[in-house]
Amino acid sequence: MFLFTRSFSIKRGPQMPVKTDSILKIDNISLSFGGVKALTNVSINVHEGEILSIIGPNGAGKTCVINCINRFYKPQTGSISFKGRELTRLHSYQVARSGIARTFQNIGLLGYLSVIENLIAGRHCFMSSGFRGATFGSIYIGKAQHEEAESRRIAEEIIEFLQIGNIKNSLVGTLPYGLRKRVELGRALMLNPEILILDEPLTGMNLDEKKDMVGFILDIHKNRVHTIILIEHDMGVVMDISHRIIVLDFGKKIAEGTPDQVKTDPLVIEAYLGGAVD
């Protein structure tokens, strides 16, 4: 089926074991904007240690799901819990501080700051002094001094991990798109999350940039963040690296399973192609 052809080969090493326990539970959430139903009774269990992909045609509700997780949106019905803690009562910064980080489909970096300053900004919810002073070199004492030093230490570690040491002092606004996406990934890692949500991390990249990003995603899953939720339109990559896949269409869940189960599901084929495929 041409829908799921691979754009390049992916080499996977030994993978983290997936546990059957759910670290994140989305239970029967619905979301509407006026008379438009974005999500209808969607339930998803995210297992610890897995790469779970959420796919679907444009407008299917994928980003709405993760916006509900991060509390950018509040569903009208249902619940979302992380390690037993209800998230729908929290503010977005509290969700980030609890151990859930994300990247964005549209890069939201600060172009007038350097790479390392953008990374430090990613830890603002842990810094009582705020990130502005840390990035612009204010003098701190006591707790604030410790926070600033710790943030810089973590930033340097992530810069080395993502192989961007040669651009760490460059203004983000001057960087090519692929490197900015990598910096965005680094900013999410600054939160040291237990769940990493990636919203279309490969969009707009050329083939070499995609290869690099997929390699980093697999390295992150193995060595840093063992539970990843992925939204991505490159179905070859999704089928290669996912443990399970959830498929949405018009705000409803229409399929769930392993890559082999999902790619042959008639409802999935119809949702993507508008009809059955021989």
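FYI, it's all coordinate maths here, none of it is from the lab. For clarity, every value in this text was computed on a predicted model and none was experimentally measured. Note that each Cβ is placed from the backbone with ideal geometry, even for glycine, and that neighbours are counted across all protein chains shown.
Which of K181/K211; K62/K252; K222/K253; K83/K263 have a Cα-Cα distance over 19 Å?
Violating the 19 Å limit, Cα to Cα: K222/K253; K83/K263.
Using 0.36 nm per residue, how much length does the chain from Q261 to T174 gain when fully extended, once their Cα-Cα distance is taken away?
Answer, rounded to one decimal: 27.0 nm.
So, counting K/R as plus one and D/E as minus one, what does the shell of residues with Cβ under 15 Å around M205 add up to?
-3
Ranking request for peptides 168-180, 189-201: highest mean number of other beta-carbon atoms within 10 Å first, then the rest in descending order.
Peptide ranking by packing, descending: 189-201, 168-180.
Pulled fully out, how much extra length does the chain show between N166 and K252, if you take 0.36 nm times their separation in residues and subtract their Cα-Cα distance?
26.5 nm
Tell me, what ³J(HN,Hα) does each residue in the range 208-221 have, in order and in whole Hz, if you take phi through Karplus 6.51 cos²θ - 1.76 cosθ + 1.60 with θ = phi - 60° and put x for Gly and Pro?
With coefficients 6.51, -1.76 and 1.60, one gets 5, 5, 4, 4, 4, 5, 4, x, 5, 4, 5, 5, 4, 4 Hz.
Evaluate E = 1/(1 + (r/R0)^6) for R85 and S32, where r is the Cβ-Cβ distance and R0 equals 25 Å; express this FRET efficiency to the nearest 0.05.
So the FRET efficiency works out to roughly 0.50.
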